[in-house]
Structure formats: structure tokens, C-alpha cells
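I have placed the structure first, in the form of C-alpha cells, so that the comments after it can refer back to it.
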Amino acid sequence: MKKIIPFLILLLAVFNVSAEISFGNPDINADDEIVFTVSQNSAGASPYKSVFYARIKDGSPETTPNLITCYPEQMERLLGGSVLQIRNRYGTARYDRDSQRLDWITRLERIPEHALPVAAYSASPDGKFFCRIERVSAVTGRLVLESAATGKASVLNDDILISYEKIPVKWSPDSTVLLYEKNGSVYFCNPDAVMRGVEIDERYRRIGRGTINSVCWASQKSLAYIDDYLLYKINTRELYTLGLYSGIIGQGKAMGRLPFRFDSTADKFSSNADVTSVVVCQENRLFSYLVVQNPVCDYMDVVYSRPYTDSGASLIDTVILWDETGSPILWQEKLPYDGSPEKCAVYRLSAKATQVLEIQDSGRPIVSPDNTKVAFRSGTALYVYDISTWKRVAELSGERIASFLWMNDEVLCAGGEKSVRLWNLRQNLAETITLSSAVAAYWDGSSVVAETGSSSYYRYSGDTNTWSRLGDFAGVPDAKNQNGRYRVFVGAAQGNQFKNAIYVRTLGSKAVTKPIFPESTAKSSAQKKVALVFDFYDNADGLAKILSNLKKYNVPGTFFLNGEFIRRYPMETRQIVANGYDCASMFFTVTDLTRNSFVINEEFVRRGLGRNEDEFYDCTGTELSLYWHAPYYAATPDLIAYGNNSGYTYVGSRHQFSEFDKGDARPEALIRRYYDDIERNHGGIIPIVGGFSQGYHAYPLYDYLDVLVSALIEGGYQIVGIDDL
């Protein structure tokens, strides 16, 4: 009999998720200075190759090696657009546009062995403040408001779930008011008053119940708020009056009644400038365009209301925009069923949805500060379109874009996988300010030259820590690994996270060899392993988001499917396979095999597993892997033995709870319970349920995959596939 595997894993077999740090391309000059590259491919973060510089003294780096490239994992516009902030796994750097200088304001002293996703920030439109989540545990943190100029910070919420996707705050267009959620209610504050310590008590700044999805900025003067069925318009000048006397004067001016209940945990909405029209997205499946005829508590007119029905792709997310005429625009991110890259479709809403644009291999849009243009990436280019006519305004090509933002109405910062450029739309000029990554770096006389591929070379300026492109450049000489005093080379490593190590060998009578990064040669214990699996019973909700995030966070996943799912969702079944993920068996039916009234014998199990194999093959043309678990993980020793006799290995769960148990269903509590469980068991599985076949769940765990993956990585776990457990 095959060994029973008591672990489950969220892992994609086609991805290499071992957190290997690799050194390469060392070059030393006559002044005992070296440059080299460091690449890292790990779960939870984008892979890229950075360039480091060090001066050797007495056989070791004189100081911590300097990082001289800056990958734009996240970027923020600060201080009115005069400062660009770039953040990545190594720290935070700021580029001053006046002095044209880049400086690291915080930086790790060592190579980050566990590269977590970079946390999301939310900067105010004027760039004077930003909100971030200050980590308290692997799952929770504090919502902090910080001054970009002084670094002074104030805590707005001391218990919030960490997010690597977005911060639950919304800034007014003029940056004078910040909205945030706390303990099931929405609050406001004046960031300047908070920093000066003169803001009134929080209990007088409550707008109403709900989450940050309950509110949206209609304009600089107006705020839209939905409470259950009613839409309210709040004048921003009356916010403090509302907070003080909400029990007497209500929640603002009632504009109209929705024909359905708004659930702020799953729904979102957006309003036009005068709060007379709204578009509501219910559970990312039903889209309604509603118009106020008379601002009273009467039902709003339904101009358009349709579910998502694209038979060629599943929906990942939706962004609601408004053009200059006050007409709504739907921007929908989709994952094609055929396994091709994500794409976006843009629709203008009226009595029907009219498609105005389709973009291949694309991401989310960012609207210009004056709300007249929209920027988005597609393939190896960054595009700008007029938001009213949907005509192309400008295009910047040359490399894939990792992140981007508007510095002002005419300047975009394009953070590519090779370089970070300031792009002036009016002049159609793109100025390189730093390199994101490089294939290799070399000494060219007394300066460093880096190659980014396709014979593109850049020269580094040590005075400003910036890079400039070299036009007609014949190429650099071959790298040198010794200069008569030292030899630099790549050799074996000891640490689990390191594929190799970089060494300096002192030549001469007192020969000695030292690693540039001591942590690369430090012995470490075997890494703990954990697996996450996705169980789909008879509903496909969440599948597109799961597949998208698995790719985004560079982690594998194994999907357990039963016959009901395959029969009901053949396109989604093929979509899993087309995206390169392994599928395993959950039997041919969703019944609890331990509670069924009829006899479950070996023949029944054999036939049930065989039927699931055939249906999966007929649907996808591929075979299920020979792993299985019974529906709901309900199994007896006899059931497991029957499966083993059929050639299957059983994959069971040690957890005595699930995300559908009654009690505390908050994601942070569930992730903690799973984490504590695998700590006690020295590894294990974390089963994640797709859809809602086991009951409705307001906070499905798949919505918090970023938090879960980061908690595991920070805990020292290696996310592996079933075969590796």
C-alpha cells in the first residue's frame, strides 16, 4: 500500500518556488572595487537581478555592499510630485526630481532570504501624506498615517488585517480628508490636523456603519455613502457637523433607494460628481447602473443591470470609471479560459454595455489627476488613452511594466523590468533615472556599465546614484576575476536559501578566502514544508482570482475536483489545466462517503475514482494525478485502503476545523489557526475552498491568498507540491 500523505499543498507544479538566491557576473578593477549581480526567485515576490558594488579592504568589503539598481515593486508620488518613492524587498529609495538624485532612506543590511511581497501604500493626491500598514504579526498590523516630509506617524487603527493588494482608505481629491474603516464603521479625519494633534475625538468623526466599500468620493465637495438600501450625499463641509450630530440630523441627504441590499463586504460602487448616478458591482458578478430621478427616498431608476456572461474568459476584477460627461465606464480584468495571458475589456454603460476597447496581456488602469486620461500597461508597452473618446494619446514601448503612476497631468513614471523612466507626454520623451535590473555589470575604466539585454548599455553615476543610457557604445571588455591582490569568484553555499556564494580570495603570502555575504555560508536547518490545495466542489467562484494570484505571487497550486464540478464547469476545468496547474481527484460526487446510507465498498470506490478520471479526460484531454481525498475530507481507513488498491495516494487534512465552521470567520483568525496547526505538526496542508458550496462565507480565504503566502514565507516555510511532502 502506498504511504498516506497527511498534508495538502497549494502549489503549482510548473513553477520553481524554491527561494534560491544566486550570485553571478563578478568583475574587479585595479582599485579593488567589485560589481556583481544577485538574483532571487522565490514565492511571494517578482524575480529580478540586482547589481551590487563593494570596495575590498583587507580581504572583505569595506562597508555593506551597495545596491546600485532599484526595482520598482511599488512606487508612490510624494510632495506634489517632486519626489518619487520606489520600494522593493531591499528597502525604500527616493528620487528627488529637483536635484536629480536617488537615495536609499531605508535598506536591509543583508540579502533578504525570505522575500515577502512589498506592502501596499496609499499616498494622498498631493503627496504630503501616505497610509501604510505597520506589521504587528504575520497577519495583522496597525493602519498608520505618515507625513512624507517629516516621517511623523499616527495610528488610525491598531488592529487591521495586513494587505499586499490595497489599503482600506480613500483620499479626497484635494487631500484634505481621509476616509478609513475601523470596527465595522467608516470614519474620516483631516490628515494635517491628525499630524498636529488637534483633530477631534474619533467618536465624533464617524460617518456610519460599513466598510471602505460603503463610501466613495464623488467630487472634491461631495461624498457618496450607501447604507443597506439607501444612497446618501454628504457635503464635505458638513462632515464635522454630521459627526457631531449624526444621531439628530442623520447621515446626509438621502438621494434614492437601491432595489437591492448593498453588502459592503462583497459589493462596491462608484458615483458621478453630483451623486445622481451610481454603478454598483455586486459580488463581482452583477453590474447595475442606477439614476436618481428625484432626490428623495424613492427607488432609483435602473438604466442597466446585467450579470457577467463572457463565455471566453472568467472575471477577475472590475474598476468603475467616469468620463467628462458623467457617463460610467466599466474596466474589467479577465482571465481567458484558453490559458492565454490576462486581458482587459472596456465598456461604456447606458441602456446597454458597449465595448470600446479590448487590451491583451494587460493590467489595472490609473486615471490622471485631472481625470481626462487613463494609463495602462499591455505587453511590453505603456499606453495612455483619452477617457472620453478612448483614442490613444501616447505609447511608451521597450519593456514590460512592473508598476507605474502619474507624477502630474503630463508626466508618468514607468517602472519597467529593466529601467525606471520619467515619461513626458507633451514632449514624448522618456528619461531614465535608474535601472531596475541588469543582465550583468562591468567596469569600464573607473565607471560601472550595465547591460540590460539586446545590446542596451547604461552608465552609473556614483554622485547621484542614477543611470543614463549609452547611445553608440562598442561594448565592455571581458570581466576580470582578479587584479593581483584579490580574486573574486562564485562558489558553493551552505544556506538553504542560497544556490551559491560569492567569495574574495586574498592573494599573496597570507592567502585567505572570505564570503562577501557571511549568511550565504552559514549552515541552516532543513526548511519546513507546507502545502496549500484548492478544493472545488460544485461552484467555481473565486477560481479566476486564485489562478491570477498564484501567478502573481509565484507559487504553485494543486486543485482537487469532483465530477459535479467537472460536469457543471467544463470551461473552468480546462482553464486550470491550460494555466499549467495539477488537478487531483475528489471522487465523482460531493456526497459525504462516511454518512451515506448505502454500502460503500471497494468496487464503489474504484468505479467512482475511475468515473472521475474519465470525465476529467473527456473534458481536458489530460489525466488526473493519482492523488485523491474524499469530499469534505471525510474518510475511514477502509475508504483510504480502497483508494490505495486503485492506485491512488490519499491526501488528508489534520485540521479539525475549516473556514466554514461557525464562530470567528475573520480571515486573520482563520489564518492564525491554520498557521498554529502546521507549527504544531511541523508542516502540513492548508485547504482552501473555492466557491460557496459549503455555505456562504463573507470572507473567503482565497481572497487573502497574499496574506497567507506571506505569513508562511515569513515563518520559514517552503511552499511545495504534493510530491515534495
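The values are calculated or read from the model by the stated rules, or taken from the named source; none is laboratory data. Keep in mind it's a predicted model, so treat the numbers as computed, not measured. Please note: Cβ atoms are built from the backbone with ideal geometry, for glycine as well, and neighbour counts cover all protein chains shown. Areas reflect the complete protein model, heavy atoms only, side chains present, ligands, DNA and RNA absent. Shrake-Rupley method; radii C 1.70, N 1.55, O 1.52, S 1.80 Å.
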Practice task
For ALA711, state whether it is at pLDDT below 90 and not in a loop (DSSP other than H, G, I, E, B).
Solution key: yes
Handout entry: Counted residues, the range 156-175 - those being more than 30 Å from ILE546 (Cβ to Cβ), free of Cβ contacts under 8 Å to residues at least 40 places away in the same chain and either open to solvent by 20 Å² or more (accessible area, probe 1.4 Å) or of a type in the set (Phe, Trp, Tyr) (or both)
Key = 1
Exercise for the section: Considering only the range 66-88, state which residues are buried (at least 16 other Cβ atoms within 10 Å of the Cβ) and more than 21 Å from LYS418 (Cα to Cα). Expected result: LEU78, LEU79, GLY81
Completion exercise
Turns out the strands (runs of 3 or more DSSP E) fully within the range 74-165 with at least 3 residues that are over 23 Å from GLU714 (Cα atoms) and modelled with pLDDT of 95 or more are 74-78, 83-88, 91-96, 101-107, 140-147, 153-161
Exercise for the section: Sort out which residues of the range 378-387 are in contact with an Asp or Glu (Cβ under 8 Å, 6 or more places away or on another chain), crowded, with 16+ Cβ neighbours inside 10 Å and farther than 11 Å from TRP406 by Cβ, and write them in order of number. Expected result: SER378, ALA381, LEU382, TYR383, ILE387
Handout entry: Criterion (of a type outside the set (A, V, I, L, M) and assigned to a helix (DSSP H, G or I)) met by exactly one of TYR642, TYR650
Key = TYR642
Exercise for the section: Go through the range 510-541 and give me each residue that's assigned to a strand (DSSP E or B) and of a type outside the set (A, V, I, L, M). Expected result: THR513, LYS514, PRO515, LYS528, LYS529, PHE534, ASP535, PHE536
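Residues of the range 96-150 being of a type in the set (Phe, Trp, Tyr) and open to solvent by 30 Å² or more (accessible area, probe 1.4 Å), which ones?
TRP104, TYR121
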Practice task
Provide a single number: the residues in the range 416-454 that are within 13 Å of GLY398 (Cβ to Cβ), in contact (Cβ under 8 Å) with a residue 12 or more places away in the chain and of a type outside the set (A, V, I, L, M, F, W, C).
Solution key: 9
Completion exercise
Condition set polar (S, T, N, Q) and part of a strand (DSSP E or B), scope the range 39-53, selection modelled with the highest pLDDT: answer is SER50
Exercise for the section: Might you check whether a residue that is in a helix (DSSP H, G or I) and either at pLDDT below 95 or under 29 Å from the mean Cα position of the chain (by Cα) (or both) occurs anywhere in the range 551-561? Expected result: yes
Problem - Failed condition for GLY91, given (1) of a type outside the set (A, V, I, L, M); (2) surrounded by 21 or more Cβ atoms within 10 Å (Cβ to Cβ); (3) touching a Phe, Trp or Tyr at 6+ places or on another chain (Cβ under 6 Å) - result: (2)
Practice task
Output the residues belonging to the range 579-627 that are of a type in the set (S, T, N, Q), out of contact with any Leu (no Cβ under 6 Å at 6 or more places or on another chain) and closer than 27 Å to LEU547 by Cβ.
Solution key: THR589, ASN612, THR620, THR622, SER625
Practice task
Using the structure shown, decide if ARG285 is surrounded by fewer than 20 Cβ atoms within 10 Å (Cβ to Cβ), at pLDDT 95 or above and under 30 Å from LYS552 (Cβ atoms).
Solution key: no
Exercise for the section: Taking the options LEU412, LEU405, LEU422, LEU357, name whichever one is farther than 17 Å from ARG77 by Cβ and surrounded by 14 or more Cβ atoms within 10 Å (Cβ to Cβ). Expected result: LEU357
Completion exercise
Inside the range 176-230, the number of residues satisfying the requirement of being part of a helix (DSSP H, G or I), open to solvent by less than 20 Å² (accessible area, probe 1.4 Å) and either closer than 28 Å to LEU290 by Cβ or among the charged types (D, E, K, R) (or both) is 2
Completion exercise
Those residues of the range 393-402 that are under 20 Å from the mean Cα position of the chain (by Cα) and open to solvent by 20 Å² or more (accessible area, probe 1.4 Å) come to a total of 2
Practice task
Please list, ordered by first then second residue, the pairs with beta carbon atoms under 7 Å, 6 or more apart or interchain, first in the range 216-230 and on the phi > 0 side of the Ramachandran plot and of a type in the set (S, T, N, Q), second part of a loop (DSSP other than H, G, I, E, B) and modelled with pLDDT of 95 or more.
Solution key: none
Exercise for the section: Give the number of residues within the range 293-330 that are within 28 Å of ARG568 (Cα to Cα), modelled with pLDDT of 95 or more and open to solvent by 70 Å² or more (accessible area, probe 1.4 Å). Expected result: 2
Completion exercise
Only one of (1) touching a residue at least 60 places away in the same chain (Cβ under 8 Å); (2) over 21 Å from the mean Cα position of the chain (by Cα) does not apply to SER327, and that is (1)
Practice task
Kindly establish whether TYR347 is open to solvent by less than 40 Å² (accessible area, probe 1.4 Å) and touching a residue at least 40 places away in the same chain (Cβ under 8 Å).
Solution key: no
Handout entry: Subset tally (residues that are open to solvent by 20 Å² or more (accessible area, probe 1.4 Å) and of a type in the set (S, T, N, Q)) for the range 361-377
Key = 2
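State whether one or more residues within the range 586-608 are among the hydrophobic types (A, V, I, L, M, F, W, C), at negative phi and in contact (Cβ under 8 Å) with a residue 60 or more places away in the chain. Full working, then the answer.
So in the range 586-608, the residues among the hydrophobic types (A, V, I, L, M, F, W, C) come out as 586-588, 590, 593, 598-600, 604-605.
Subsequent filtering for residues that are at negative phi retains 586, 588, 590, 593, 598-600, 604-605.
Right, trim to in contact (Cβ under 8 Å) with a residue 60 or more places away in the chain and you get 590.
Checked against the condition, which is being among the hydrophobic types (A, V, I, L, M, F, W, C), at negative phi and in contact (Cβ under 8 Å) with a residue 60 or more places away in the chain, the range 586-608 yields at least one hit.
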Handout entry: Count of the range 478-526 residues which are more than 19 Å from PHE23 (Cα to Cα) and crowded, with 16+ Cβ neighbours inside 10 Å
Key = 2
Completion exercise
If we ask which residues in the range 26-38 are in contact with a strand residue (DSSP E or B) (Cβ under 6 Å, 6 or more places away or on another chain) and either outside any strand (DSSP E or B) or at pLDDT below 95 (or both), their number turns out to be 2
